[in-house]
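Q: What follows is a structure written as structure tokens; I'll ask about it next.
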Amino acid sequence: MNDFKPVTELVAGLLDGVADARLAGPTPCGHYTQAQLLNHLLGLCLAFTAAARGETGPHNDAPPGEPPTDLEPGWRGELERRLTALADAWSSDAAWEGDALAGGVTLPASIMGLVALNEVAVHGWDLARATGQDYALDADTVATLTAFTGQDADDQAAREGIYAPVVAIPADASPQDRLIALTGRDPYWRA
């Protein structure tokens, strides 16, 4: 899945709907505030862009720390630029070959690309929920990420440090809600 643009553009489209006065508000992403979630997105875009380009350095050599609670001025434009750069970097067939490094972890690039896509897609959902905005991933992305996140759904030990336990949802839940539940989030969470 080389085309990140449907996801990165969807997430970028949320940014104007984030109210500065509510940046300290909660998100469905653990204990992150909206500002911390946005800082996490800013950082992961740098790390996974570097991974796609085969670069090493401070953005991808070590696990990310706790995101800051304050945002730098101009964060909306900067995050939009970084989302675009991420999509561009993973659009290259070469990005998916060999190994890639992000967060101090080396994985086959074909797996790292899915990790990157999953991070942006799911944290985009977190941001949309936290800010009361609509968010609908395309069916291909949902199917790809459901297969990826669901491979260890019954083995919480393998998921430790990555996802909380799978959230039980109704059998008739939407495919996107199933994906979100696989990541250990309540798809019905509201701020």
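Taken together, the values in this text are just the output of simple stated rules run on the coordinates, not laboratory data. These numbers come from a predicted model, not from an experiment. Reconstructed Cβ throughout: ideal geometry from the backbone, glycine too, with neighbour counts over all protein chains shown.
Q: With a ≥ b ≥ c the root eigenvalues of the C-alpha gyration tensor of the chain, is it rounded (a/c under 1.5), prolate (a/b larger than b/c) or oblate?
A: Taking the square roots of the gyration eigenvalues as a ≥ b ≥ c, the chain is rounded.
Q: Please work out the Cα center distance from the range 1-58 to the range 81-109, rounded to the nearest Å.
A: Value for the Cα centre distance between the two parts: 15 Å.
Q: Please say if the range 12-65 is rounded, prolate or oblate, where rounded means a/c under 1.5 for a ≥ b ≥ c the square roots of the C-alpha gyration tensor eigenvalues, and otherwise the choice is prolate for a/b larger than b/c and oblate otherwise?
A: Values: a/c = 3.37, a/b = 1.94, b/c = 1.74.
Cα axes put the range 12-65 in the prolate bin.
Q: Using only the alpha-carbon atoms of the range 32-104, report the extent along each of the three principal axes, biggest first, to the nearest angstrom.
A: 36, 24, 17
Q: OK, next. Farthest toward the dipole's positive end in the range 1-144, which of I111, H59, T69, given Cβ charges of +1 (Lys, Arg) and -1 (Asp, Glu) about the Cα centre?
A: T69
Q: Let me ask something else. Under a point-charge model restricted to the Cβ atoms of Lys and Arg (+1) and Asp and Glu (-1), what is the dipole moment magnitude of the chain relative to its Cα centre, in debye to the nearest 20?
A: On the way: 11 positive and 27 negative charges, 73 e Å.
Here the size comes out at about 360 debye.
Q: Report, by chain and number, residues whose modeled amide H sits under 5 Å from the one on A102, excluding near sequence neighbours (fewer than 5 apart, same chain).
A: Close amide H contacts, sequence-distant or interchain: L107.
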